[in-house]
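Q: This is the structure, below, for whatever I ask next.
Read the figures in this text as sums done on the coordinates, not as results from a lab. Quantities reported herein were computed from a predicted structural model and do not represent experimental measurements. Cβ placement follows ideal geometry from the backbone for every residue including glycine, while neighbour counts extend to all protein chains displayed.
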Amino acid sequence: MKWTTRLLVLAVFVGGLVCFHIVRSNRPLRVNEATKEDTLLLGNATELSTLDLQVATGQPEHMVFAALFEGLVAPDPANPDKPAPGAASSWETKDSIHWTFHLRPNGKWSDGTPLTAHDFVWSYQRILNPALAAQYARCSIP
């Protein structure tokens with residue numbers, strides 16, 4: 001009985017090594033190749049539940065969104081407590097309630113369409129619309 005158990009353990013171990021080698025050798029794009037081709041490789045550990053930025057609630061989705069989308073402002077790597085320009089080149093306020101954002105003049109969508117203030121207004125109105133039922137929306141449009 002000991003001999004068959006040892007043989008079974010050895011077979012499972014060798015089978016695991018073979019499977020690991022097959023999976024590893026069949027990768028379509030290696031890291032070095034991706035770097036040369038300016039390709040982003042993103043290991044996400046699980047399938048995404050949605051690609052809709054406004055209804056997503058999981059960390060896997062937000063990892064992808066952080067790589068794909070840019071908001072009006074972005075985190076400043078040198079000073080995480082201070083926002084840096086994103087789609088907006090600058091912003092201002094007199095009362096910390098009403099803000100004016102100045103969009104970058106060369107801002108474009110991935111298809112080349114110019115980015116406009118209407119795009120941001122539409123986005124905020126959509127997430128606040130009760131019909132969307134976005135979990136992260138905490139108020140409604142008056």
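Q: Could you list His118, His102 in order of exposure, starting from the residue whose Cβ has the fewest other Cβ atoms within 10 Å?
A: His118, His102
Q: Full-extension gain between Ser89 and Arg104, please, as 0.36 nm times their residue separation minus the C-alpha to C-alpha distance.
A: 4.9 nm
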